[in-house]
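*Asks:* One structure is given below, represented as structure tokens, and several questions about it will come after.
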Amino acid sequence: MDGSPGSAAEGSISRWTCRGRFSPQVDPLCRERSIASDPVILTDTRIGLVLGGRVVWKKGNDMSMQRTAPLSGVLGLLLVVAGLATDRAPDSDWGDAQTQAWFATHGVGGWLLSAVLIALGGAVLLVFTAVLTARQEQVGAGPVTRHLTLLAGGAWALLTIMGGAGFGTIPLAHIFMNPAPPSTATYHVLGGLFYGLLVAFCALAASLLAITLSVSALRTGLLPRWLAVAGLPAAVLMLANALLPMMLITLYFLTVSIVLTKRGVPQTATTGLMLPAQAVSAPA
């Protein structure tokens with residue numbers, strides 16, 4: 001130790017040890033340390049950046065973000081529900097005269113807003129899928145399980161986005177292409193496309209995601225046992241309930257989001273800092 005800043009930083013790093021959790025000696029606030037030896041390898045999911053021998057680590061902020069990340073599921077579902085709740089489109093069983101009268105007396109701004117909310121909800125569900133996959137990896141789920149979760153959740157999110165896009169087709173065409181109201185036949189075709197994407201096929205993807213999560217949670221403990229077991233019949237009902245599958249999907253995944261947020265980030269044996277051997281020494 002020669003008293004120089006670099007030596008002081010190196011001496012501080014030398015007190016860090018390779019263990020499951022960070023040493024209590026490490027300050028939880030943002031720290032910067034110059035490393036004279038080999039770069040530090042971060043195997044933890046906390047933010048770590050090595051550039052030119054300098055490590056920037058923000059423990060507190062990243063852990064807070066990881067803990068609240070599952071709430072993306074709550075946000076995505078609430079956006080979809082808000083889009084459906086604000087639906088002001090004409091009824092699907094109307095005839096040409098009623099549909100044309102509606103377009104003559106109503107604007108399509110609210111209709112378009114509903115479609116945008118649904119599509120935004122699908123985009124946020126993509127984030128939720130990524131969070132689920134990351135949590136599964138943290139508790140030791142296998143690659144097949146994680147890939148199934150990513151595919152099922154991604155399909156659910158993308159179908160939701162496509163459903164929102166399909167729902168917004170008529171108001172977008174009315175605004176940018178032709179202000180004339182569509183025929184009843186056209187309206188029924190596009191309405192059936194919207195229903196098929198957002199209800200029937202979304203339910204299939206959400207059901208597969210619920211089954212994958214339940215089986216994974218029973219093996220790894222990612223979710224409480226009661227919620228993992230409840231996911232299996234819920235997945236079947238998502239497919240069997242042709243009238244209100246969105247209710248089951250919303251209730252189940254809202255519960256999953258809230259439970260994962262309350263449980264926090266799983267602690268695994270690999271969590272921690274891995275330092276080069278020459279940078280680690282026993283504490284004085």
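*Asks:* Which of the peptides 80-88, 93-101, 253-261, 159-167 is most tightly packed, and how do the rest follow, judged by the mean count of other Cβ atoms within 10 Å per residue? Mind showing how you got there, number by number?
*Replies:* Values: 80-88: 16.4, 93-101: 13.0, 253-261: 19.6, 159-167: 23.4.
Highest-to-lowest ranking by the protection proxy: 159-167, 253-261, 80-88, 93-101.
*Asks:* Here's something else I'd like to know. Could you give the length gained by full extension between ASP91 and LEU232, i.e. 0.36 nm per residue of separation minus their alpha carbon distance, to one decimal place?
*Replies:* Gain on stretching ASP91 to LEU232: 47.3 nm.
*Asks:* For LEU84 and LEU254, compute 0.36 nm times the residue count separating them, minus their Cα-Cα distance, and round to one decimal in nm.
*Replies:* 59.5 nm
*Asks:* Testing the spin-label approximation: label points 7 Å from Cα along Cα→Cβ at ARG67 and MET177. State their distance in nm.
*Replies:* Simple spin-label model gives 5.0 nm for this pair.
*Asks:* Mind checking the full-extension length gain between LEU75 and GLN98? Use 0.36 nm per residue of separation minus the Cα-Cα distance, one decimal, nm.
*Replies:* 4.7 nm
*Asks:* Give me the dipole magnitude in Debye, nearest 20, for segment 68-263 about the Cα centre, with unit charges on the beta carbon: positive for Lys and Arg, negative for Asp and Glu.
*Replies:* Details: 7 positive and 5 negative charges, 177 e Å.
Using Cβ point charges on Lys, Arg, Asp and Glu, segment 68-263 gives about 860 debye.
*Asks:* At 20 °C and 1.002 mPa s, grab the translational diffusion coefficient of segment 68-263 from Stokes-Einstein with a Kirkwood Rh over Cα pairs, rounded to a whole number in µm² per second.
*Replies:* Here the translational diffusion coefficient equals 122 µm²/s.
*Asks:* Tell me, ILE175, ILE118, ILE211 in order of fewest to most beta-carbon neighbours within 10 Å? Each step should come with its number before you reach the end.
*Replies:* Details: ILE175 14, ILE118 28, ILE211 18.
Lowest count first: ILE175, ILE211, ILE118.
*Asks:* Here's a follow-up. Please give the peptides 180-189, 106-115 ranked by average Cβ packing (other Cβ atoms within 10 Å per residue), highest first, as a rough proxy for protection.
*Replies:* Per-residue Cβ counts within 10 Å, averaged per peptide and sorted highest first, yield 106-115, 180-189.
*Asks:* If you don't mind, there's one more thing I want to ask. What's the exposure ranking of ARG146, ARG263, ARG225, ARG135, going from fewest to most Cβ atoms within 10 Å?
*Replies:* ARG225, ARG263, ARG146, ARG135
FYI, it's all coordinate maths here, none of it is from the lab. Just so we're clear, the structure is a prediction, and the values are computed from it rather than from any experiment. Neighbour counts run over all protein chains shown; Cβ positions are idealised from the backbone, glycine included.
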